[in-house]
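This report concerns only the one structure given below.
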Amino acid sequence: MEEPLVRVSDSGRVRTLALNRPQALNSFTGAMHGELRAALDAAAGNPDVRCVVVTGTGRGFCAGQDLSDPAVAPNREAAGTTTDVGSAIERFYKPLALRIRSMPVPVVAAVNGVAAGAGASLVMTCDLAVAAPGASFIQAFSKIGLVPDAGGTWFLVKRLGLARALGCAMLGDKLSAKDAKEQGMIWDVAAEGEDCVEAAMKLAQRLAAMPTRALVETRRLLRAAASSELDAQLDAERDAQSAMGRTHDYIEGVTAFLQKRPPQFKGE
Ligand code: T3D
């Protein structure tokens, strides 16, 4: 049987999606995009899945677009056809970023190795990222005459600030996991000797037991905050709180607190 390009596995309420083209550092082909999209849709539609982990097999996390994919080959013009690299963004990378951003549960990246180009953007699209101590992040775009994509320009400025975003994107230097954490690109680095997927899994299991609907609303509000005025944000918080105040999880959270027992959240 042919190996899947995205390996899907479940551990309790956490679903792990592992990009699986290790021979090319899990760089994206159209087929891998298709499998990842289907796996994300399936996770989003399954109420038993309360958190998703995205990782890579082999020594890399994801090296961005597969540059040997004929669909993006820059020399097609010579063969009488033209290549619009933007069409790959429209068809694959934009829907991927929007799909992850709208997942109904938290998404954690377990960055097991190098994340380059759109692979680094993928990390930043996830809610939280835990990297292996040896992982690295490379804005590889400038090395091949492209601009950061798949949300890269947006995430870099918001997470790192303009000065660091410009340095990373223009120079394309390797950022270590430790520096990525210190600069706000990722949430954490696994301890030396600890498997980063296991570290991410611990975090994911913890998130999966939390009131995930409120976590997803929190994601939405925090992302909107960057472009909102305070009065509009106060209104948005009020409206979200009205909705959260009617959830099972709010009633359960308060009841459990008063009864001095651990809450049993359902994400409802
Ligand atoms: O183009 C569009 O459609 C628009 C969308 C663009 C989005 C993008 O992501 S653009 C950026 C594309 N990515 C890159 O430019 C990164 C290219 N890769 C590298 O610079 C290096 O591989 C790394 C710095 C990531 C890792 O270096 P290293 O020395 O650890 O590994 P390596 O030896 O370079 O790579 C290992 C193998 O993976 C190698 O194959 P081989 O020689 O063993 O058969 C290499 O060719 C392959 N590989 C790595 N990255 C890619 C790739 N093959 C195809 N595409 C890749 N992106």
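The values are calculated or read from the model by the stated rules, or taken from the named source; none is laboratory data. Small disclaimer: the values here were computed from a predicted structure and weren't measured. Reconstructed Cβ throughout: ideal geometry from the backbone, glycine too, with neighbour counts over all protein chains shown. These area figures cover heavy atoms from the full protein model, side chains too; ligands, DNA and RNA do not enter into them. Shrake-Rupley method; radii C 1.70, N 1.55, O 1.52, S 1.80 Å.
If Lys and Arg each add +1 and Asp and Glu each add -1, what is the summed charge of the other residues whose beta carbon sits under 15 Å from the beta carbon of Leu17? Present the calculation step by step, with values, prior to reporting the outcome.
Numbers: positive: Arg7, Arg13, Arg15, Arg21, Arg37, Arg50, Arg99; negative: Glu3, Asp10, Glu35, Asp41, Asp127.
Result for the local shell: +2.
Between helix 212-225 and the chain, what is the angle of the helix's C-alpha long axis to the longest principal axis, kept within 0 to 90° and rounded to the nearest 10?
For helix 212-225, the angle is close to 60 degrees.
Determine how many Å³ per residue the convex hull of the Cα atoms of the chain encloses.
Value for the chain: 151 Å³ per residue.
What does the highest-first list of 128-134, 151-157 look like by mean Cβ count within 10 Å?
Working: 128-134: 22.9, 151-157: 19.7.
Ranked by mean Cβ neighbours within 10 Å, highest first: 128-134, 151-157.
Determine the percent antiparallel among the DSSP beta bridges restricted to segment 107-245, to the nearest 5.
25 percent
In whole percent, how big is the carbon plus sulfur part of the accessible area of the chain, probe 1.4 Å, protein atoms only? Don't jump to the answer; show the numbers that get you there.
Values: 7940 of 13860 Å².
Carbon plus sulfur share of accessible area: 57 percent.
Would you mind counting up the charge near Lys158? Only other residues with Cβ under 12 Å from its Cβ, with Lys and Arg at +1 and Asp and Glu at -1.
Working: positive: Arg159, Arg164, Arg223; negative: none.
Value of the local net charge: +3.
Excluding ligands, DNA and RNA, what is the solvent-accessible area per residue of segment 19-99 at a probe of 1.4 Å, expressed in Å²? All intermediate terms of the calculation are to be shown ahead of the outcome.
Numbers: 3870 Å² over 81 residues.
For segment 19-99, the solvent-accessible area averages 48 Å² per residue.
Grab the other residues whose beta carbon is less than 12 angstrom from that of Glu194, score K and R as +1, D and E as -1, and report the net. If you can, show how the numbers build up before the last one.
Numbers: positive: Lys202; negative: Asp188, Glu192, Asp195, Glu198.
Local charge sum for Glu194: -3.
Please report how far the C-alpha centroid of segment 99-173 lies from that of segment 209-268, rounded to the nearest whole angstrom.
28 Å
Could you run the Karplus curve 6.51 cos²θ - 1.76 cosθ + 1.60 with θ = phi - 60° over segment 113-122 and give me ³J(HN,Hα) per residue in whole Hz, x for Gly and Pro?
Taking θ as phi minus 60°, the curve returns x, 5, 10, 10, x, 4, x, 5, 5, 4 Hz for segment 113-122.
To check you understand DSSP bridge types, tell me what percent of the beta bridges within the chain (both residues inside) are antiparallel, rounded to 5.
Values: 9 of 29 bridges.
Expressed as a percentage, antiparallel bridges in the chain total about 30.
Under the Karplus relation 6.51 cos²θ - 1.76 cosθ + 1.60, θ = phi - 60°, what is the ordered set of whole-Hz ³J(HN,Hα) values for segment 18-26, x standing for Gly and Pro?
My calculation for segment 18-26 gives 10, 4, 9, 10, x, 5, 10, 6, 6 Hz in order.
Can you say what percent of the DSSP beta bridges in segment 75-177, counting only those with both residues inside, are antiparallel? Round to 5.
35 percent
Placing +1 at every Lys and Arg Cβ and -1 at every Asp and Glu Cβ, with all other atoms neutral, what dipole size does the chain have around its Cα centre, in debye to the nearest 20? List each step's numbers first, then the result.
Values: 30 positive and 30 negative charges, 73 e Å.
Once rounded to the nearest 20, the dipole reads 340 debye.
Amide H of Arg21: which non-local residues (sequence gap of 5 or more, or other chain) have their own amide H closer than 5 Å, using H built in the peptide plane?
Residues meeting the amide H criterion: Asn26, Thr57.
Determine ³J(HN,Hα), in whole Hz, for all residues of segment 64-71 in sequence, where each value follows from phi through the Karplus function 6.51 cos²θ - 1.76 cosθ + 1.60 and θ = phi - 60°; x replaces Gly and Pro.
Residue by residue, segment 64-71 yields x, 5, 5, 6, 8, 5, x, 5 Hz.
Using packing as a proxy for protection, rank 222-233, 177-188 so that the peptide with the highest average count of other Cβ atoms within 10 Å comes first.
On the way: 222-233: 11.3, 177-188: 18.2.
Ranking, from highest mean packing down: 177-188, 222-233.
Mean separation of Cα pairs under 8 Å and 6+ residues apart, divided by the residue count of the chain: what relative contact order is that in percent? Could you put the intermediate results ahead of the total?
Working: 476 pairs, mean separation 43.7, N = 268.
The normalised contact order for the chain reaches 16 percent.
How big is the dipole moment of segment 212-258 about its Cα centre under a simple scheme where the beta carbon of each Lys and Arg is +1, that of each Asp and Glu is -1, and everything else is neutral? Debye, nearest 20, please. Don't skip to the answer; put the middle values down first.
Working: 6 positive and 8 negative charges, 42 e Å.
So the magnitude is around 200 debye.
What is the helix-to-structure angle for 162-171, meaning the angle in degrees between its Cα long axis and the longest Cα principal axis of the chain, kept from 0 to 90 and rounded to the nearest 10?
30 degrees
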